[in-house]
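I have placed the structure first, in the form of structure tokens, so that the comments after it can refer back to it.
The values are calculated or read from the model by the stated rules, or taken from the named source; none is laboratory data. The structure presented is a predicted model; accordingly, all values stated were derived computationally and were not measured. Neighbour counts are summed over all protein chains in view; Cβ atoms, including those assigned to glycine, are modelled from backbone coordinates with ideal geometry. SASA here: full protein model, heavy atoms, side chains in, ligands and nucleic acids out. Shrake-Rupley method; radii C 1.70, N 1.55, O 1.52, S 1.80 Å.
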There are 2 protein chains.
Amino acid sequence: MTTLNLVILGPAGSGKSTLTATFGKWLHEEMGFRVCYINLDPGADHLPYKPDYDVRSIVTVQEIMRKEMLGPNGAIIRCMDLLVEKAEEVVNEINKLKSDFRLIDTPGQMEPFTFRRTGPELISKLLRTGSVLNIFLVDPELASSVSDLLVVELMGLVVQLRLLAPTLIVLNKADKLKGSLDVDKLLADPNYLVERLKVEIGGTISDLALSLWDAFSQYLQSSRLVKVSAKTGEGLESLYDLIHEAFCVCGDLT
Amino acid sequence: MTTLNLVILGPAGSGKSTLTATFGKWLHEEMGFRVCYINLDPGADHLPYKPDYDVRSIVTVQEIMRKEMLGPNGAIIRCMDLLVEKAEEVVNEINKLKSDFRLIDTPGQMEPFTFRRTGPELISKLLRTGSVLNIFLVDPELASSVSDLLVVELMGLVVQLRLLAPTLIVLNKADKLKGSLDVDKLLADPNYLVERLKVEIGGTISDLALSLWDAFSQYLQSSRLVKVSAKTGEGLESLYDLIHEAFCVCGDLT
């Protein structure tokens, strides 16, 4: 098969690095695929996997803070902008790694990667020579109300629109979801969702939210959420199935 | 008039602190309002205004990095979670400041503030005793294509859904917008926008984007984008008009 670049994105604390490690191990040990690991986070502290390419060989947030006497925000931005300049070099290094799956772990903060030029630039370069699938990872904190569920869908779309590659939405820490929002029922039954949303948020915003959800319904059929636990390994097989499905739909894999 | 809490949010580098300073100065000097300044960014380096309340009196990202031997991402998260614990204290201090406008500058990275409990917790407490209006600030980098414009609208909605307070979308650095995307025409003429969007992004995503835009059209009428330049002061009067209008519509000000 051709190489598939899996770009793992999500808010800080959603478990990107853990999923990178666990899913990579699963793909290799259970499925027999060749897997390599890439770290694009210049602010990463400890990684639960051994990166085959590590952007910290170019720059680290800590180093920039020290050398340029910047605060953490300024240093993160400086690093992101530096990576735009080095995008060609970074992608060349990544493309040297021959594998079935390249698991690409992204910066702790999703925002500077997605909203500055860094993410779009790197992904568009990766798309020139290979296939890319974004995995947008969120944790239960962001799925504790019906409007949060809408936020998650909206953010998944934002990621897709900014990075212009197909995007799967993955709820991590599924083991912690017990007792909280009934995501499955909400996604399966639009009437139930609409009722809950009306109760939860009032005012004009609920009308807008409802019409947006209508628009999503169609979208959701082909790219529903998948629940995993990067810690326990729960749901990794479903994630693999969805990746395979999404990839086929994209026409990149036959 | 009652106090209005203006919460200035936006991606790192969008110019939150600069707008806080410039708009505060304008409100005071040109309009004669009593204004106070609040900094909620524990990672702030230099501020272009003198904060009347500063969250760095509780904690700073740099201090947490040093004391807890954490990387910048871990330290930012730790600070945000600490502020949730101290939310009552923070909001009490803010509420002691008597003013017409409280300009509340938020963390450099919008994501941990908005997607963790920090932002929702602080705003809901502020709403108990006063009025809140979010100003979601973006820079031209995020408005350089039609799909980016959609991203901006989606993000504005995400902010509103997470923080549950009315949200204005403000394009900063208007002086740099010249020659780039014709935002006014795109927002004024849905047919033009739809045509451009079809050309720009293909595939199923464009269909979804189009139906979302339909849903937004209604929403956009009452809360259109405003363009400002925090640097030159351009557009501050329009921003004030929109704030006044939004506030009246919300029924908080009579």
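Relative contact order, whole percent, for chain A stands at 23, derived from Cα pairs under 8 Å and 6 or more residues apart. Starting from the Cα of A:ARG66, step 7 Å toward the Cβ, then list every residue of the range A:29-52 with an amide N under 15 Å from that point. Inside the label zone: A:43-45.
If you run the Gaussian network model on chain B, springs between alpha carbon atoms under 10 Å, then out of B:ASP41, B:ASP207, B:ASP54 the most flexible one is B:ASP207. Here, the range A:105-174 yields an orientationally averaged convex hull projection of 4.8 nm² when only Cα atoms define the hull.
Kindly express, to the nearest 10 degrees and within the range 0 to 90, the angle between helix B:236-249's C-alpha long axis and the longest C-alpha principal axis of chain B. It is inclined by approximately 90 degrees. Extension gain, B:LYS25-B:SER57: 0.36 nm per intervening residue step, less the Cα-Cα distance, totals 9.2 nm.
Shown for A:GLY233: label points 7 Å from Cα along the beta-carbon vector, and their distances to the equivalent points in the other copies, 6.6 nm in ascending order. Using only the alpha-carbon atoms of the protein assembly as shown as identical scatterers, what base-10 log of I(q)/I(0) does the Debye formula give at q = 0.07, 0.13 Å⁻¹? These q points yield log10 I(q)/I(0) values of -0.36, -1.36.
Amide H contacts for B:LYS227 (H built 1.01 Å from N in the peptide plane; partners 5 or more residues away or on another chain; cut-off under 5 Å): B:LEU171.
The Cα center of the range A:65-133 and the Cα center of the range B:54-83 differ in position by 25 Å.
Principal axis extents of the C-alpha atoms in the range A:80-145 (largest first, rounded to whole Å): 42, 30, 16.
Here is the result for the range A:113-201: no GluC sites (Glu not before Pro) lie in DSSP coil with at most 11 other C-beta atoms within 10 angstrom of their C-beta.
Annotation for B:GLU234 and B:GLU89: the two label points, set 7 Å from Cα along the Cα-Cβ direction, are 4.4 nm apart.
Calculate how steeply helix B:87-96 sits against the longest principal axis of the alpha-carbon atoms of chain B, using the helix alpha-carbon long axis, and give the answer as 0 to 90 degrees to the nearest 10. Between the helix axis and the principal axis of chain B, the angle is about 90 degrees. For the range B:10-28, list residues with backbone N below 19 Å from a point placed 7 Å from the Cα of B:LYS98 toward its Cβ? The answer is B:28. Mean separation of Cα pairs under 8 Å and 6 or more residues apart, divided by the residue count, gives the range B:118-177 a relative contact order of 46 percent. Under the rule of at least 5 residues apart or a separate chain, name every residue whose amide H is placed under 5 Å from the amide H of B:LEU4. The answer is B:PHE101, B:ARG102. Shown for A:ASP184: label points 7 Å from Cα along the beta-carbon vector, and their distances to the equivalent points in the other copies, 5.4 nm in ascending order. With N denoting the number of residues in chain B, provide Rg(C-alpha) divided by 2.2 N^0.38 Å, to two decimal places. So chain B has a normalised radius of gyration of 1.03.
Over every Cα atom in the range A:68-201, the radius of gyration and the widest Cα-Cα span, Dmax, amount to 18.0, 55 Å. Taking N as the residue count of the range B:1-88, its C-alpha radius of gyration divided by 2.2 N^0.38 Å amounts to 1.23. Once the 1.4 Å probe is applied to the protein heavy atoms, the range A:1-101 comes out at 43 Å² accessible per residue. Helix content alone sets the calculated 222 nm mean residue ellipticity of chain A: runs of n ≥ 4 DSSP H residues at -39500 (n - 2.57) each, divided across all residues, give -16000 deg cm²/dmol.
Between A:VAL199 and B:SER144, the modelled label-to-label distance comes to 4.6 nm, taking each label 7 Å out from Cα in the direction of the beta carbon. Under the combined filter of DSSP loop state and at most 16 neighbouring Cβ atoms within 10 Å, the range B:1-84 retains these chymotrypsin sites (Phe, Trp or Tyr not before Pro): B:PHE33. Buried accessible surface for the A/B chain pair comes to about 4100 Å², total over both chains, computed with a 1.4 Å probe. By accessible area, using a 1.4 Å probe on protein heavy atoms only, chain A has 50% of its surface on carbon and sulfur. A point 7 Å from Cα along Cα→Cβ stands in for A:ARG66, and the other copies hold the same point at 1.5 nm, listed in rising order.
Which GluC sites (Glu not before Pro) from the range B:28-110 combine a DSSP loop assignment with at most 13 other Cβ atoms within 10 Å? Loop-located and lightly packed - B:GLU30, B:GLU68.
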